[in-house]
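Peer 1: Take a look at this one; I'll ask things after.
Readers should treat all values here as calculations from the given coordinates under stated rules, not as data from a laboratory. In this text the structure is predicted, and so the values were computed from the model without any measurement. Here the Cβ is made from the backbone with ideal geometry for all residues, glycine too, and neighbour counts use every protein chain on show.
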Amino acid sequence: MSTAPATCPFTGAQATPGTAPVPHASTESAVREAPVADWVKIEDLYRDPFPIYQRLRAEAPVHWVPAVNRYMVTSYAACHEIEQDEARFSANERNSLMKRSMGHSMLRKDNPEHQVDRDSYGATLRPGTIKKHWNGIFAQNNEKYLGQLLAKGPGADFVWDYAAPYTAENLRLICGFHNATQQDMQRWSQTMIDGTGNYADDPEVWAKAEASSAEVDAAIDQMLPYLAKNPDHSLLSNLASMPIPLEAIRANLKMTIGGGLNEPRDVLATTVWALLQNPGQLQAVRQDPALLPKAFEESVRWVAPIGMYPRETTQELVLEGVRLPAGARLGVVLGAANRDPLVFEDPETFNIFREKKPHLAFGGGVHFCAGTWIARAQVAQVALPEVFEKLPNLRLDPATASIDAGWVFRGMTKMPILWD
Amino acid sequence: MPTITFEQPNGTATDVEVAEGGNIMRAAVANNIAGIVGECGGQAMCATCHVYVNPEDAAGLPEPSEDEDEMLDCTTAERTEHSRLGCQVSLGGALQSIRVAVPSDQV
C-alpha cells in the first residue's frame, strides 16, 4: 500500500479518504473540522460524564455537541491553551446565562476590566490573611458544625448535615454578610447557580434566581455603610472603601456566593467519599494527616467541582488541529482535561500517591480561582484532619448508597455515613 | 534584549531572550522551560513559578512585595533567601541579564 491515510500528529486520528483539500499545503491537511458528537446526552453527562469524556478525548480534542449547544474541549493540551490565551479565547461570552443570573462579574470579563475587579478583592483571600485571620474562624465553625453532625448521630448525611453548612458559614463571614445566615447563603448560591445553568429557560428557575439576586442586593446595600464604619477582613469591607461601581460589587459578590460554597463543599465530601472507598489510602492519611493536602489535590483532579466553564473565540482559529469559527461558544471541560491519559497515568483512578503534575481544577491564566487558598485552608487544613479524628471508624452507610452526580458542577448529592 | 538563564536541577542551562519589561515566568512559559508552571497567569496567586535567583544577580532586584512574600511561603520546594516568584521579577533597564535556578518541585 502506497496510499496510507495521513494521521493527525495531535490526536492520532485519521482523515476520511477523499476529504483532504487537495490544493493546500501539506501542513493544512492536519487541520480538520470539529467532529459532531450527537450521541452525547445531558442526562448521561449528569449521571457519569467520565466514560463520555474518555470516548470524546480518544476521538478528538474538540467536538461540536448539539445537546450542549457548544463545542466541548476535552484534551488537557487544548484546555490549557485556552486558559493561557485570553486574546483568542474571551471570557466575555455573549448571551451568557451567568450574566443574566448574577450580573456581569469579573469571571465574564477580559483584561484590563477583569483586573480592576479582581484587585478590588484585596488581601481577603490571600494566604497571609488566611493564616492570620481566617484559619481561626474556620476552626471555630468546623467545631460547631462537626459537633452538630456528631449530635445528629450515625446515619447523618455528610454533605447536608456538615459540609454544606460549614462551608456556607465560612463563606458568609468571608463575604461579610453579617445580616444573613448560612441557610441564606445556601439558598442564594443554589438558586443563582440554577439560573446560570437554566438552558431550558424555565420561568420558575428564573423567578427564584431573581428573588435571591434581589435579596443579595439588599443585603449588600445594608452592609456597605456598616462595614465602612466598622471594617473587618471581609470582601465587602474591602469593597466599601474602593471606587468600584455598585453594579460590579453586586455581580462579583453573587459570583463569589455561587463559586465559593458548592466547590469547597463538594471537594470536602468527594475527598472523604474517595478515601472511604480506598482502604489503603484511608489508612495512610489516618496515620499521617500531612497527606491530607495531597488527598485534596488528587480529589479535585479526579473530580473537578467545576467540570466545565465557557469561553468564546474572538477569531477563526485552529485549536489542537481543529478549526473553529469566530464567535464559537466553547465549553472548557476541566473534568475531562484532568483525566487526560496523555498527562496523567491511570487517570480514572483516585490515587493520592500519583506523580504530582499540575491539574487544571482551579483553572489557569488570569481567571485562576481567587478562592484556591481559602478552599485548601478550610478543607485540607481545618476540616479533613478533624473529620477523621472526631468520627472514629468513619464509613459509608452500606444500607443507603451515596450518590455522586453532575458534570458542569459535580459532587456528592447524598452521602449517609456511619461511625463508632 | 535582556537575557534570562534558566538552570535546571540536573545542571543544564538554557538562555532565553525577553522583551524589555518582560518577566521571568512569561519568558519561561513562552519558551517551554521545564519546571515553571505559571498556573495563575502572573497574579502572585499560585506559587508555581518559584525560582532561586543567582546571589550575584539578586542585589539589583527590588524587594518582594507583601503579596509575593506570603506566597513564597506556599512554594512546594524549600524557600530560601534567594527564592522569588518568576512572575514578579521583570527584566529591563539596568537589569539586562539574570541567572535563576529552577526548583526540583513546583506543584
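Peer 1: Please list log₁₀ I(q)/I(0) at q = 0.17 Å⁻¹ for the stretch A:65-162, using the Debye equation with identical point scatterers on the alpha-carbon positions.
Peer 2: Log10 of I(q)/I(0), two decimals: -0.97.
Peer 1: Something else about it: Can you list the residues, at least 5 places off or on another chain, whose amide H is less than 5 Å from the amide H of residue A:34, using H built in the peptide plane?
Peer 2: Those lying under 5 Å, H to H, from residue A:34 are A:323.
Peer 1: Could you order peptides B:49-55, A:398-404, A:353-359 by the average number of other Cβ atoms within 10 Å of their residues, highest first?
Peer 2: Details: B:49-55: 21.7, A:398-404: 12.9, A:353-359: 14.7.
Highest-to-lowest ranking by the protection proxy: B:49-55, A:353-359, A:398-404.
Peer 1: Another one. Rg and Dmax of the stretch A:248-332 over Cα atoms: what are they, in angstrom?
Peer 2: Gyration radius and largest Cα-Cα distance of the stretch A:248-332: 18.6, 54 Å.
Peer 1: May I pose another question? Using every Cα-Cα pair within the stretch A:94-209, state what percent have a distance larger than 22 Å.
Peer 2: Looking at the stretch A:94-209, the distances longer than 22 Å represent 52 percent of pairs.
Peer 1: Rounded, prolate or oblate, given the Cα gyration tensor of the stretch A:193-279, with a/c below 1.5 counting as rounded?
Peer 2: oblate
Peer 1: Rounded to the nearest 500, what is chain A's calculated 222 nm mean residue ellipticity when only DSSP H runs of at least 4 contribute -39500 (n - 2.57) each, over all residues?
Peer 2: -12500 deg cm²/dmol
Peer 1: So, one more: Whole number please: convex hull volume per residue, Cα atoms of the protein assembly as shown, in Å³.
Peer 2: 182 Å³
Peer 1: Can I ask one more? Fewest first, what order do B:67, A:161 take by the number of other Cβ atoms within 10 Å?
Peer 2: On the way: B:67 17, A:161 22.
With the sparsest Cβ surroundings first, the list reads B:67, A:161.
Peer 1: Give the Cα extents of the stretch A:179-242 along the principal axes, in whole Å, largest first.
Peer 2: The Cα atoms of the stretch A:179-242 stretch 43, 23, 16 Å along the principal axes, largest first.
Peer 1: Once you charge only the Cβ atoms, +1 for Lys and Arg and -1 for Asp and Glu, what is the size of the charge dipole of the stretch A:184-337 about its Cα centre, to the nearest 20 debye?
Peer 2: 400 debye
Peer 1: Then there's this: To make sure I understand the rule: partners must be lysines, Cα under 21 Å from the Cα of residue A:254, and not fewer than 8 residues away in the same chain. Which ones qualify?
Peer 2: Of all the lysines, those that pass the test against residue A:254 - Cα under 21 Å, at least 8 places apart if same chain - are A:99, A:109, A:208.
Peer 1: Can you put B:57, A:44, A:340 in order, fewest other beta carbons within 10 Å first?
Peer 2: A:44, B:57, A:340
Peer 1: Along each of its three principal axes, how wide is the spread of alpha-carbon positions in the stretch A:275-385, in whole angstrom units, largest first?
Peer 2: If we take the Cα atoms of the stretch A:275-385, the spans are 54, 29, 19 Å.
Peer 1: May I ask you to give the average projected area over all directions of the convex hull of the Cα atoms of the stretch A:40-106, in nm² rounded to one decimal?
Peer 2: So the Cα hull casts an average projection of 5.6 nm².
Peer 1: Still on this structure: With the convex hull built on the Cα atoms of chain B, state its orientation-averaged projected area in nm².
Peer 2: Orientation-averaged projected area of the Cα hull: 5.8 nm².
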